[in-house]
Amino acid sequence: MNLGKSNSVDWAAERARMVEHQIRARGIHDARVLAAMAQVPREEFVPEPQRGDSYADEPLSIGCDQTISQPYIVALMAECLGLKGHETVLEVGCGSGYHAAVLGMLAGSVVAVEILPELAALAEANLARTGRASNVRVVVADGSAGYLPSAPYDAISVAAAAPSTPEPLLEQLKDPGRLVIPVGDRFEQDLLLVRKSAGQMSTRTLSGVRFVPLRGGHGWR
Ligand code: SAH
C-alpha cells in the first residue's frame, strides 16, 4: 500500500497489523521481539518515496543499491539470537539503522558496522531522531572482518549475504554465543544460525533468503 501522503497514516495501527499478520502469524513468539517490532517506528527508517510502504511484507530500497530487510526476516533473525537484555551485539550491515534499533531494544548494547559512509550517516541520523542512539553505536568499517575494538560479542547479526561464514566473526563470538548470517551465492542464500558452545560450533538452517552481497575482505570482492 503506497499512500503517497504518509503524514495522514496511522503508523501505530499499521505497525500493530504488521506484527500480527507478518510476524506472530508466521511463528515468532518471543514476547520481547514482538514488543520491539511493535515499538520501533520503521517508517522513520524508510526514505521517501517508499515511506507509504513501510509496513509492507517486503524489503524496501534505502538508496546506494541497498535494502532494508522484510520485517519478518528482521524478527526471525532477532528471535534466533535468544537475547535477554544484557548482551553485547555486533550487527554487520547497518544500512538504515532499523534492524540495529530493534536489536538495541533487545540487548545491552549494539555496535552496528556499515561499509558505506553515506548509509552510516543516514543510520546515525535515524537512530538519533527516534531516540534509539543511546545503546546503538554506528561505525564505518568493513564488518566482514568483524569489529575487533568491541569484541568479543554475545551475538552477531549479519545483514548481507556472504559466500561463507567469515572466520573473524567466529573468532569474535563469545562462548557461548550465537551468530546469524545469510550464506550462499549472490542471488539466493540460506539463513544460518551458528551456535558456539563449550568450544564446539553447530549450524542450523532457518530459511531460504535473498540478501544484498556482503562486500569487503571476507565477502564478495
Ligand atoms: N540492516 C539494514 C539493512 C542491511 S542492507 C537495515 O536495517 O536497514 C545490507 C547493508 O550491508 C548495506 O547497507 C551494505 O552497505 C552493508 N554492507 C555490505 N558489506 C558490508 C561490510 N563488509 N561491512 C559492513 N557493511 C556492509
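Among the residues that make up region 113-135, is at least one of them charged (D, E, K, R), away from the ligand (no atom under 13 Å from the Cβ) and either in a helix (DSSP H, G or I) or modelled with pLDDT under 95 (or both)? The answer is yes, given that some residue of region 113-135 is charged (D, E, K, R), away from the ligand (no atom under 13 Å from the Cβ) and either in a helix (DSSP H, G or I) or modelled with pLDDT under 95 (or both). Taking the criterion of being in a loop (DSSP other than H, G, I, E, B) and out of contact with any helix residue (DSSP H, G or I) (no Cβ under 9 Å at 6 or more places or on another chain), the residues of region 163-219 that qualify are PRO163, SER164, THR165, ASP185, ARG186, PHE187, GLU188, ALA198, GLY199, ARG210, VAL212. Put simply, of GLU48, GLU20, GLU14, GLU43 the only residue that is loosely packed, with under 13 Cβ neighbours inside 10 Å and either touching a Ser or Thr at 6+ places or on another chain (Cβ under 8 Å) or within 16 Å of LEU103 (Cβ to Cβ) (or both) is GLU48. Could you say whether any residue in region 87-108 is outside any helix (DSSP H, G or I), within 14 Å of the ligand (Cβ to nearest atom) and surrounded by fewer than 20 Cβ atoms within 10 Å (Cβ to Cβ)? The answer is no, given that none of the residues of region 87-108 is outside any helix (DSSP H, G or I), within 14 Å of the ligand (Cβ to nearest atom) and surrounded by fewer than 20 Cβ atoms within 10 Å (Cβ to Cβ). Among the conditions (1) under 22 Å from ALA35 (Cβ atoms); (2) under 15 Å from the mean Cα position of the chain (by Cα); (3) in contact (Cβ under 8 Å) with a residue 40 or more places away in the chain, LEU119 misses just one, which is (1). Considering only region 61-76, I want to know if a residue exists there that is within 26 Å of LYS196 (Cα to Cα), at pLDDT 95 or above and over 17 Å from the mean Cα position of the chain (by Cα). The answer is no, given that none of the residues of region 61-76 is within 26 Å of LYS196 (Cα to Cα), at pLDDT 95 or above and over 17 Å from the mean Cα position of the chain (by Cα). Here the condition is being at negative phi and either within 14 Å of the ligand (Cβ to nearest atom) or among the β-branched types (Val, Ile, Thr) (or both); of PRO176, PRO168, it holds for PRO168 alone.
Can you pull out the residues in region 33-74 that are assigned to a helix (DSSP H, G or I) and within 12 Å of the ligand (Cβ to nearest atom)? Result: ARG42, GLU44, PRO71, ILE73, VAL74.
The values are calculated or read from the model by the stated rules, or taken from the named source; none is laboratory data. The model shown is predicted, which means the values in this text are computed figures rather than measured ones. Don't worry about glycine lacking a Cβ; one is built from the backbone with ideal geometry, like all the others, and counts go over all protein chains shown.
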